[in-house]
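These notes are about the structure you will find just below.
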Amino acid sequence: MSRLQLSTVHSYQRPDADHVEFDPAQTSLGGPAGQLSFNKIAGRNTRFNVYASYKSPGFDINDLGFHQRADEIGQGAWFQYRENTPGKYVRDFTINFNQWNGWNFDGDRRLWGGHVNTHLMFTNNWSFSTGLNYNGQGFADRLTRGGPGGYTNAALNQWGGSRPTTARRSSVR
């Protein structure tokens, strides 16, 4: 049980964590986890997802499956607008908006950010995509693998590209 408490999944030994404490006499770990999401993934023009999730510090299912960490609270949202009716120049178009946040049970903000991207398919079967991503400064509570945490740098990046498409995509009606 000591090895499990000290693993990077739980990190009970962290000196900067007020909500967990390593106990070598402990005989079991326990805790809940859950997720709630609301989705619209069909339809002509709009799709979206909104979710909130958590895994308590003592949650552990590694005997049944695999998870990389406990002690997390997350929230995120995604919205997409799509146009699949071919026009004079553009065959189809999508634009996506995303945002996310994450904390541990101590209230440390581990991550936060947002992303926007767009994809166009022209009538000549060339496609163009671009996106802009921002990750704000976060607190990496597993940075030193059991020691104190540290801050991550904020990052802004952009990507883009174009290419010919050999197979014609079908339009969704």
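The values are calculated or read from the model by the stated rules, or taken from the named source; none is laboratory data. Fair warning: this is a prediction, and the values are worked out from it, not measured in the lab. Here Cβ is always computed from backbone atoms with ideal geometry, including for glycine, and neighbour counts include all displayed protein chains.
The number of residues in the range 20-61 being surrounded by 14 or more Cβ atoms within 10 Å (Cβ to Cβ) and of a type outside the set (Phe, Trp, Tyr) comes to 15.
For the range 36-66, enumerate the residues that are farther than 18 Å from residue 79 by Cβ, among the aromatic types (Phe, Trp, Tyr) and touching a strand residue (DSSP E or B) at 6+ places or on another chain (Cβ under 7 Å). Passing the criteria: 54, 59. Among residues belonging to the range 21-74 that are touching a Phe, Trp or Tyr at 6+ places or on another chain (Cβ under 8 Å) and touching a residue at least 60 places away in the same chain (Cβ under 8 Å), point out the one that is nearest to residue 139 (Cα to Cα). Selected residue: 71. Applying the criterion of being free of Cβ contacts under 8 Å to residues at least 40 places away in the same chain and within 30 Å of residue 4 (Cα to Cα) to the residues of the range 122-151, the residue that is farthest from the chain's Cα centre (by Cα) is 144.
Based on what the data block shows, is residue 52 part of a strand (DSSP E or B), at pLDDT 95 or above and touching a Leu at 6+ places or on another chain (Cβ under 6 Å)? I'd like the intermediate steps shown before the answer.
On the way: part of a strand (DSSP E or B): yes; at pLDDT 95 or above: yes; touching a Leu at 6+ places or on another chain (Cβ under 6 Å): yes.
Criteria met by residue 52.
Every test in (1) more than 22 Å from residue 144 (Cβ to Cβ); (2) at pLDDT 95 or above is passed by residue 73 save one, and that test is (1).
Residues in the range 1-19 that are at pLDDT 80 or above and of a type in the set (Ser, Thr, Tyr) were compared, and the one that is surrounded by the most Cβ atoms within 10 Å (Cβ to Cβ) is 11.
Step by step: first the residues of the range 112-167, then only those that are farther than 27 Å from residue 79 by Cβ and among the charged types (D, E, K, R), then the one that is surrounded by the most Cβ atoms within 10 Å (Cβ to Cβ). Which residue is that? The extreme case among them is 141.
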